[in-house]
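Note sheet for the following structure.
The values are calculated or read from the model by the stated rules, or taken from the named source; none is laboratory data. Predicted, not measured: the structure shown is a model, and the values here were computed from it. Glycine gets a Cβ as well: all are built from the backbone with ideal geometry, and neighbour counts include every protein chain shown. What goes into the accessible areas is simple: the full protein's heavy atoms, side chains included, and nothing from ligands, DNA or RNA. Shrake-Rupley method; radii C 1.70, N 1.55, O 1.52, S 1.80 Å.
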Amino acid sequence: MTQLYHTPMIVLGIETTCDETAAAVVQRDDEGHGHILANVVLSQINEHAEFGGVVPEIAARAHVEVLDTIIAGAMGEAKLSYDGLDGVAAAAGPGLIGGVIVGLTMAKAIAFVHHKPLIAVNHLEAHALTARLTDATPFPYCLFLASGGHTQILGVRGVGDYVLLGGTVDDAIGEAFDKTAKLLGLGYPGGPQVEKEAARGDPARFALPRPMAGRQDANFSLSGLKTALRIEAEKIAPLSDDDVADLCASFQQAVAEVVMDRLRAGLGMFVERIGKPTALVCAGGVAANQAIRKALHRVAFEIGTSLVAPPPALCTDNGAMIAWAGAERLALGLTDPLSVAPRARWPLEEVTKAAEELAAK
Ligand code: KG4
Ligand code: ZN
């Protein structure tokens, strides 16, 4: 696709697909480099903690209550009025539909009232493009996206051009961390708690499986690992503090090894189908885990590329990634009508297909 607009552009981005209410303002300069002018994120963790997971109805209501304040905060931080914007972007899916409707409807209202182009951003595409905002990573690169809802290895060839190389056949990695934490009586969200416990545990005490290891495809399966951990825990219950730490360390070690094995397969497919990647890029909350990061560094090193790991605040859900994806699309003239629909399900392959259809016209 060719670049249509060469002037710097400023885009407001809105994110409400899960349990973060977020808005940000990002500038894309003439050279395609990104600058975050404001980035406001309000996590709903406290609202969901007592339920041990995100409750969709509570999430949607919480977004409605705070979104206007969050957007006003972002615009204030960027010292901009709506007239100063070149476009308004919102995550239009995939995600919890109640929340998606809240964010997209707000973006439509702002775009309509202030006569600005609307960009309906795919949340996964926004994660995929974040490395270009933070590190100006050139295409093509290999993305490892690991969050509470997604686990994917993707070939990122261009804006709107994604190849799915591997995914999970059951739980997402973050979900497996969260379920493990719940089982062991640790708080929500579980990933950081499991990592904390693992730091003082023995990763070799429990022999947990490495599901899918050695397979040619690059898919993940995490539910068996979680079950194996439950069986080990039940065998030695009641659990002492040391037992919990050892279980967490063994679990984390197993996940890190599975990630290495699956990424080796995914990167092999990348090289075969796309060529040499400019980088291995990580995104999603799980990328904050140091053991996982070490594993990623190792596989990147093995194939002679580097790891691009955006700062944790931009790896987890945020408005800046939506604004940036909006700016990248706007630069190519890819905007959406006000009639665009919110989507609970929206695989990246469909984004690629839509771009191919457009290019063929
Ligand atoms: O990307 P994210 O903020 O939200 C979405 O799910 O979209 O990811 C949250 C997930 C949760 O499952 C959380 O437990 C996990 O990322 N996570 C971690 C760590 N920090 C967050 N998992 C392992 N280790 C961590 N340090
Ligand atoms: Zn996400």
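Details
- Ile292 meets the stated requirement of being among the β-branched types (Val, Ile, Thr) and buried (at least 22 other Cβ atoms within 10 Å of the Cβ).
- Pick from the range 257-272, criterion open to solvent by 10 Å² or more (accessible area, probe 1.4 Å) and under 24 Å from the mean Cα position of the chain (by Cα), ranking: farthest from ligand 1 (Cβ to nearest atom): Val271
- With respect to (1) in contact with an Asp or Glu (Cβ under 7 Å, 6 or more places away or on another chain); (2) of a type in the set (A, V, I, L, M); (3) closer than 17 Å to Gly167 by Cβ, the lone exception for Ala283 is condition (1).
- Check on Thr227, among the hydroxyl-bearing types (Ser, Thr, Tyr) and more than 24 Å from the chain's Cα centre (by Cα): yes
- Residue that is nearest to Leu124 (Cα to Cα), among those in the range 251-307 that are within 16 Å of ligand 2 (Cβ to nearest atom) and assigned to a loop (DSSP other than H, G, I, E, B): Gly284
- Filtered by the rule that a residue be basic (Lys, Arg) and open to solvent by less than 60 Å² (accessible area, probe 1.4 Å), the range 212-248 gives a lone residue, Lys226.
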